[in-house]
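Derivation of every value follows stated rules applied to the coordinates shown; laboratory data play no part. The structure presented is a predicted model; accordingly, all values stated were derived computationally and were not measured. Here the Cβ positions follow ideal geometry from the backbone for every residue, glycine too, while neighbour counts run over all protein chains shown.
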């Protein structure tokens, strides 16, 4: 469904991604794990079109998408939940969600998806007129996910969705990821919490200094001695 082949990204003279290659099959949760600065977020930003690669290709359903405008990548069915939520602070919850659907012309479908978001996150419905910047971190994360869902995506790129959240909220986000996947959404997950990411992922890739050094089933890597030592705090 989504294939990244020999992807290279540089910022100035710094090479961040070095011939990175992996694939995501339809209906999977695929996790990218690694240390800070390994290139995980850059990978997601490049897939969504926020960053342009210096080499390599990204294909989605057989069509090359790197080099296309962000708006076209979104229209094709890829949504990005960015690190740090990035909600529109001076807009209401409802307006943030409507922004997620700004490309759509199917009014009935937009209303249906808005109802689905409110059903999934009742707290957002309770605060629909509240300014997004006044929400808690967990509520903002719900809003960021809800905004992505409003574009009716097939693939959701999630960047650090549990970062800075309380443990109970982290559990709710994990449940949301599982529910979305069970309902047909394909998810590419970047997470510093490697234990959580590997626990929920069908497959995973370990990225070190812009290169993939290890791959396998999520449960397989969860019990890999090398991964345990480097990322799970097990000696």
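Sort 184-192, 8-16 by packing, meaning the average of other beta carbons within 10 Å per residue, with the highest value first.
Descending mean neighbour count gives 184-192, 8-16.
Report the calculated FRET efficiency for residue 70 and residue 183 (r = Cβ-Cβ distance, R0 = 35 Å), to the nearest 0.05.
Working from the Cβ atoms, E equals 0.90.
What ranking do 202-208, 224-230, 176-182 get when scored by the average of other Cβ atoms within 10 Å per residue, highest first?
Per-residue Cβ counts within 10 Å, averaged per peptide and sorted highest first, yield 202-208, 176-182, 224-230.
Run the paramagnetic zone check for residue 6: 7 angstrom along Cα to Cβ, then residues of the stretch 208-223 with backbone nitrogen under 18 Å.
Residues 211-212 qualify, since their backbone N sits under 18 Å from the label point.
As an exercise, take the mean of 1/r over every pair of distinct alpha carbons in the stretch 169-221, invert it, and state the Kirkwood radius in angstroms.
So the Kirkwood estimate lands at 11.8 Å.
Using the per-residue mean of other Cβ atoms lying within 10 Å as a proxy for protection, in what order, highest first, do the peptides 152-163, 51-62 fall?
Averaged packing, sorted descending, gives the order 152-163, 51-62.
Quick check: Cα centre of the stretch 84-107 to Cα centre of the stretch 49-75, how many Å?
Taking the Cα centre of the stretch 49-75 as reference, the centre of the stretch 84-107 is 22 Å away.
How much mean residue ellipticity at 222 nm does the chain get from its helices, if each DSSP H run of length 4 or more adds -39500 (n - 2.57) and you divide by all residues, to the nearest 500 deg cm²/dmol?
Here the helix-only value at 222 nm equals -11000 deg cm²/dmol.
Given that just one value was derived from the coordinates, which of (i) 17.4, 54; (ii) 15.9, 46; (iii) 21.5, 84 is Rg and Dmax of the Cα atoms in Å?
Only one option fits the structure, namely (i).
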